[in-house]
Each structure stands twice: as C-alpha cells, then as structure tokens.
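Here's the structure we're looking at; comments come further down.
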Amino acid sequence: MEYRRVGNSGLTVSELSFGAATFGGRGEFFGAWGDTDVEQARAMVDLCLESGITMFDTADVYSDGASEEVLGAALRGRRDSVLISTKAALPTGPEDWGTSRSRLLRAVDDALQRLQTDRIDLFQLHAYDAFTPIDEVLQTLDVLVEQGKVRYTGVSNFSGWQLMKSLDLAEKHHRPRYVAHQVYYSLIGRDYEWELMPLGMSEGVGALVWSPLGWGRLTGKIRRGEPLPKHSRLHATADAGPPVDDELLYDVVDVLAAIAAETGKTIPQVALNWLLRRPTVSSVIVGARDERQLRDNLGAVGWRLDADQIARLDAASRREAPYPYFPYFRQEGFARLNPPIGANR
C-alpha cells in the first residue's frame, strides 16, 4: 500500500480507502447498497488495517445514519490508528438539508455521536448548496476546525466554478481551504478530466474517487453479447447510477479482460490500478458487501500496469470532450497552449 498527500495539504492517506456505504442497511435508496452489521464490519476493518488502509469514508445519508453508527462501533478501540471521512449536505429529512450554519453545526455534532469519536479527520460537503452564501459555509467550517471537531475540509460533487469560487473566498478571507474533492471517476466516466482535474492540479485539491468501478459495471459480470446476471443489483440501481453508453462499456471491458488475462489479475483490479496512476488522485474509495469482494479490491495495489496496457485502456475509454474542452481550432498553436493532462507545459 502506498500513501499520498491529499492535494497540497499535510493530510496523508492510503492509496485505497474503504467506503462504508454498505454498512447498516437502513432506509431506501442509500440503504439498498448493503446491510453489513457491526460484527461483519469489524472483520472488514480488520482486513483493511492488515492491508494498510488508513481512511474510512461514510456519510450521514448512508443508511439514514446507520453507516456511521456501524463504522463507529467497528472502529472502537482503534480510533487513533485510522482516519475517518464523512459528509453532509444531502437531505436527511424534510427540513434537514443543505449547508447552512445551523445545519452544519448540527450535522457535525450528530456525526460525532454516531461515530463515537471526538473529531472528524476529513469533513466534506456532499453537494453544493445554492441557497446558502459560500462565506457562511466557510465561516462555519472555520469554527468547526477551531473547535477541533474537524481537522480538514473538502467537498463532493461540485462543479468547477463552485469549487473555484469557494477556494477564492477561502483564500480572500483566510478560511480553511478545501483540500479534497470526492468525485465520480472511472474508465467509463472520465468527465472529471475535462475541468475538475486541471483545477485540482492548479489549486492543489486532491481527488478521492467514488464508484471507481462505474456503479458496478466494471466487475466483469457485464460482457458483450451476454445477459446481465439475474441476481445483479444493477437491475435495481442502474437508473440511479451515472449513465454510460453500452458500446463504450463493452469496448472498455473487452480491453480490461484482455489485460486481466495478461497480468493474472481480475477485471476490477485492472480498472482500479488504472485509476491509481491518474493525476491528482489521492485515494480510490473501494466498497464491498463481503470479505471476498474486499480481498479482490485490495489486489489492485502492489503492482503496476505497463505503458502499453495503460495506452490501450486510455484509447478504449477515451471519448470526445464537449466544447470548450476539446481543441476546437485543432491547430498547432492551440494544442501548444492546451497540452494533454500530464504533458510537460
């Protein structure tokens, strides 16, 4: 397991983090991802710690708060050995949503109680709240950091302008700066690269990747010309996940399968390993409904794809970016001003 700084901050995390969204099993949409209880969660935490994972991610909406409760119980007695990341902003009740001062103060206190801890190592806004002034949000987070309840702050699912405006106001008014952006990014969902990745590189914001297997589509169970397995959870959750063109999915899985055969790895391990080498990625969040899935995900580290394999995955997963992100002049001068991500500038 490798360890990386989150953006330009002093926070260091393992290259794989564990997502506890499958803990709890309470509620409807966010409770449908799994029903891991405390005993099962403790066994998964043991396995994570043995492998070198240091950060565990959850949110107040996962299983209506039960995910935080189960995670807190599973981490009892070893809190000082781990980092806890949680999120708030999405609705948890008819009048309980957003990132206003009162909501954030209450959300953090409630999360601390459910997690059975006195601090949150990384607290993230789960979505942008257009109804609350950005400076009110930043002032409140400043108070929470000063109180020691929150160590670092970040966001999730922000657009480029929302993140950049927040960073600018934080710098202007000397508020804590967001160090992390929890984003959707996968071989079948590379939109993050168009604007948010260059922003992260420029401003020192690290990416924490959610759904790195494309909402379960890159597990190897979906193949060209083959029906979806009868008991796959994609039957129930596909409409809620990030959309993907069927041909793109099949093209990517074909290459993943070929590389898996070459390397002796599984299709998910190859897909995760590709993400681990991408610019700005601080940690890839993996989840699991059982220990078998977790062990397979953990096999994504400790080895590297070669340059040819990376190039083949890049080519299979690449899609034309929309204006203004594609080089619409297609001339040498424009290309010189806007080189590909990772190229020497």
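The values are calculated or read from the model by the stated rules, or taken from the named source; none is laboratory data. Since this is a predicted model, take the numbers as computed values, not measurements. Don't worry about glycine lacking a Cβ; one is built from the backbone with ideal geometry, like all the others, and counts go over all protein chains shown. To get the accessible areas, we keep the full protein, side chains included, count just its heavy atoms, and leave off ligands, DNA and RNA. Shrake-Rupley method; radii C 1.70, N 1.55, O 1.52, S 1.80 Å.
In segment 1-109, what GluC sites (Glu not before Pro) fall in a loop by DSSP, with at most 14 other Cβ atoms inside 10 Å? Passing sites in segment 1-109 are GLU2, GLU28, GLU95. For the listed peptides 315-322, 77-84, a ranking on the average number of other beta carbons within 10 Å per residue, highest first, reads 77-84, 315-322. Here segment 1-78 and segment 149-216 have alpha carbon centers that stand 20 Å from each other. Ligands, DNA and RNA aside, TYR178 has an accessible area near 10 Å² when probed at 1.4 Å.
Rolling a 1.4 Å probe over the heavy atoms of the protein chains gives the chain an accessible area of 46 Å² per residue. In this simple spin-label approximation, ARG319 and ASP191 carry label points 7 Å from Cα along the Cα→Cβ vector, and these lie 0.9 nm apart.
Taking a Cβ cut-off of under 12 Å around LEU199, the surrounding Lys, Arg, Asp and Glu residues balance to a net charge of -3, with basic ones at +1 and acidic ones at -1.
Just to be sure I understand: of the beta bridges DSSP finds with both ends in the chain, what percent are antiparallel, rounded to 5?
For the chain, the DSSP antiparallel bridge percentage is about 15.
The accessible surface of the chain, taken with every protein chain in place and a 1.4 Å probe, is 50 percent carbon and sulfur. At the residue level, TRP161 shows approximately 140 square angstrom of accessible surface with a 1.4 angstrom probe and all protein chains present.
Heavy-atom accessible area, probed at 1.4 angstrom with all protein chains present, ranks TYR323, TYR185, TYR250 as TYR323, TYR250, TYR185, highest first. Quick check on segment 1-109: take the gyration tensor over C-alpha atoms, sort the square-rooted eigenvalues as a ≥ b ≥ c, and tell me if it's rounded (a/c under 1.5), prolate or oblate. Note, shape of segment 1-109 comes out oblate.
Counting Lys and Arg as +1 and Asp and Glu as -1 over every other residue whose Cβ lies under 10 Å from the Cβ of ALA321, the net charge comes to -1. Phi-derived couplings, Karplus 6.51 cos²θ - 1.76 cosθ + 1.60 at θ = phi - 60°, listed residue by residue for segment 299-310: x, 7, 10, x, 7, 9, 5, 7, 4, 5, 5, 4 Hz, with x used for Gly and Pro. In angstrom, the C-alpha Rg and Dmax of the chain are 19.9, 60.
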